[in-house]
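Notes to accompany the following structure.
The values are calculated or read from the model by the stated rules, or taken from the named source; none is laboratory data. In this text the structure is predicted, and so the values were computed from the model without any measurement. For neighbour counting, all protein chains shown are included, and Cβ atoms are generated from backbone atoms with ideal geometry for every residue, glycine included.
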Amino acid sequence: MENYDLSFYDSKAYKLTLSVVMAIFFYAFIVFFLPFGVDNYDPNHDYDIYFFREIFYFFLVLILCSLANEFLLRPLFFTKASLKRIVLWSLWTLLFLDTAIFFTYNFLGNWHDLRFSSYQGFLRDVSAVLIFPMTGVFFFFRYRSLQTRMEHILTEKDSAVNPDRLLHFKGAGNKDEITLASSRFLYGRAQDNYVELFYLEQGNEYKFVMRGSLSKLVTQINDPAICRCHRSYLINLDHVTGIKGSKLDTTLVLDPFDTMVPVSKTYREPLLKKLQELKVMG
């Protein structure tokens, strides 16, 4: 992950979103579940204006402390994100916000539980709540950053490699062999002990089936545009025109028929590097 683009972590949008989401998530969690002895303020659990006003103090303290932590304190310690710094800063953030919430809880309760053992419990319990919005915001921005980079590369990509270069596929049998111009090959799909190769012929899509494994075919092809994107799929990056889906369900769109080919998490970064290489070559 050290080689990933983490610049989004230093953006104002990320810092603001993180602060707002954590405050809203924690406020909603308290209102619905009444943890940390919050129901002691209202044993009858009456959801009235007074109750929401009292709980709203947690929202204000959390969002103000988080904004101060992200915009004022973080620039004093580092300006460029790395995996190690993100982990360390996340741990500090949880400690800082847990402490602020602990003192807010005691302030509202007339300092009735100002004990170190209680503080330790707050560190554990509040961190267990805040870790969800914290990781959720991080991975949302991480995915959006990767998606933007991939779409940009697809937009700018212009391969300088000869589109008529030949690709030779050879399977396990004597007749399991085919040679195609790179511009005609679309993608390959593994099916049990067979591999289906999809290619263009006079504007139409055809399929050639051969015995063998996709892994062996990959080792045969030494071409910058041919890339594995899934355990069961091999694609020609020259035909990729778009990306759809989410982090957990990403697909590539191939021309000329808008064919949808899945991308697994394992191959996302290698695929992105391949696209970057093609952009440089163009």
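What residue, among those in region 229-248 that are in a loop (DSSP other than H, G, I, E, B) and not small (Gly, Ala, Ser), is surrounded by the fewest Cβ atoms within 10 Å (Cβ to Cβ)?
As a first pass, look at region 229-248 and keep what is in a loop (DSSP other than H, G, I, E, B): 231-232, 246-248.
Restricting the remaining residues to those that are not small (Gly, Ala, Ser) gives 231, 247-248.
On the way: Arg231: 12, Lys247: 14, Leu248: 8.
Filtering first and then ranking leaves Leu248.
Only one of the numbered conditions (1) among the hydroxyl-bearing types (Ser, Thr, Tyr); (2) modelled with pLDDT under 95; (3) over 21 Å from the mean Cα position of the chain (by Cα) is not met by Thr99, and that is (2). Against the criterion of being within 18 Å of Gln147 (Cα to Cα) and surrounded by fewer than 19 Cβ atoms within 10 Å (Cβ to Cβ), Leu278 does not qualify. Checking each residue in region 190-228 for being of a type in the set (A, V, I, L, M, F, W, C), within 34 Å of the chain's Cα centre (by Cα) and either closer than 18 Å to Asp176 by Cα or not assigned by TED's automatic domain parsing to the domain that holds Lys274 (or both) picks out Ala190, Val195, Leu197, Phe198, Leu214, Leu217, Val218, Ile221.
Suppose the filter is assigned to a strand (DSSP E or B), hydrophobic (A, V, I, L, M, F, W, C), under 22 Å from Val195 (Cβ atoms) and touching a Gly at 6+ places or on another chain (Cβ under 8 Å); does Met210 pass it? Here the answer is yes, as Met210 does meet what is asked. Considering region 111-127, the residues that are of a type in the set (A, V, I, L, M, F, W, C) and exposed (fewer than 12 other Cβ atoms within 10 Å of the Cβ) include one that is modelled with the highest pLDDT, namely Phe116.
Among residues of region 62-101 being more than 30 Å from Asp113 (Cβ to Cβ) and polar (S, T, N, Q), the one that is surrounded by the most Cβ atoms within 10 Å (Cβ to Cβ) is Ser82. Restricting attention to region 105-139, the residues being without any contact (Cβ under 8 Å) to a residue 60 or more places away in the chain and either aliphatic (A, V, I, L, M) or closer than 30 Å to Ile243 by Cβ (or both) number 5. Any residue at all in region 249-265 that is part of a loop (DSSP other than H, G, I, E, B), over 14 Å from Gly188 (Cα atoms), modelled with pLDDT under 85 and outside the structural domain of Gly136 (by TED's automatic domain parsing)? Looking for residues that are part of a loop (DSSP other than H, G, I, E, B), over 14 Å from Gly188 (Cα atoms), modelled with pLDDT under 85 and outside the structural domain of Gly136 (by TED's automatic domain parsing), one finds at least one in region 249-265, hence yes.
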